[in-house]
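Below is one structure; the comments refer to it alone.
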Amino acid sequence: MPCMLSVPATIIAATAETNRAPFDLPEAESELVAGFHTEYSGFRFALYFLAEYANILVISSVAVTLFWGGWLRPFPSVKWLAAPLNYGVPVLLFVGSGLATFTLIKKLKDTMQQKVLLGVVVILVGTGGVMAIPMVNAAMIGLFWFLVKVSVIVYMMIWFRGTFPRYRYDQLMNIGWKVAIPIGMASVLINAVLGMLGSPQG
């Protein structure tokens, strides 16, 4: 229950903190003049964007670690799901992506692009095959699930960008003070109550 309260507030706060739409008030990239980006081009502009996307990855990693079990697979306490999730999902994801990429090769006329895509297919299918080896799977499955969960949050931030209109400053402040802070405080209170009830003294 506390996690269910905290996750929406965390994702809203993370999107606002990274200046992503619909909270891109300092930049307003869709406008003709994109805020401070007007002053920069070339390498400096690239550094700003790299820093922005690094910030997104860091915040997504923190959210996954705090609320989504970090490197654990979904439903880690259910033993019969271990093999399907730890072996089936990675193998299907990599091999399926490789086979889907292979279907694109025939549609391309440029031989250089075909060679590059063929290399991508070999890497994806090879990674799927390697993940089926128990020793490699045991070493890599934590990183796999962590990156999958981080990718979901990053995808949601990109999805928000194309879905919601930009908020005004007063609307952003209302979300922060009237929605996110009460949800966060309610989450802390519920955590405290559940912790006391679950303790031996409670």
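The values are calculated or read from the model by the stated rules, or taken from the named source; none is laboratory data. Remember, it's a predicted structure, so these values are computed and weren't measured experimentally. Cβ placement follows ideal geometry from the backbone for every residue including glycine, while neighbour counts extend to all protein chains displayed.
List of remarks:
- Check on LEU81, modelled with pLDDT under 90, surrounded by fewer than 17 Cβ atoms within 10 Å (Cβ to Cβ) and more than 14 Å from LEU143 (Cβ to Cβ): no
- Within segment 147-162, the set of residues being under 20 Å from GLY96 (Cα atoms) and not hydroxyl-bearing (Ser, Thr, Tyr) comprises LEU147, VAL148, LYS149, VAL152.
Residues are listed down the side, and each one gets a yes or a no for (1) assigned to a loop (DSSP other than H, G, I, E, B); (2) surrounded by 13 or more Cβ atoms within 10 Å (Cβ to Cβ):
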{"position": "ALA51", "(1), (2)": "no, no"}
{"position": "ALA63", "(1), (2)": "no, yes"}
{"position": "PRO74", "(1), (2)": "yes, yes"}
{"position": "LEU85", "(1), (2)": "no, yes"}
{"position": "SER97", "(1), (2)": "no, yes"}
{"position": "THR101", "(1), (2)": "no, yes"}
{"position": "LEU104", "(1), (2)": "no, yes"}
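- Some residue of segment 117-128 being surrounded by fewer than 13 Cβ atoms within 10 Å (Cβ to Cβ) and within 30 Å of THR15 (Cβ to Cβ): no
- Some residue of segment 148-165 being modelled with pLDDT of 90 or more, more than 19 Å from the chain's Cα centre (by Cα) and aliphatic (A, V, I, L, M): no
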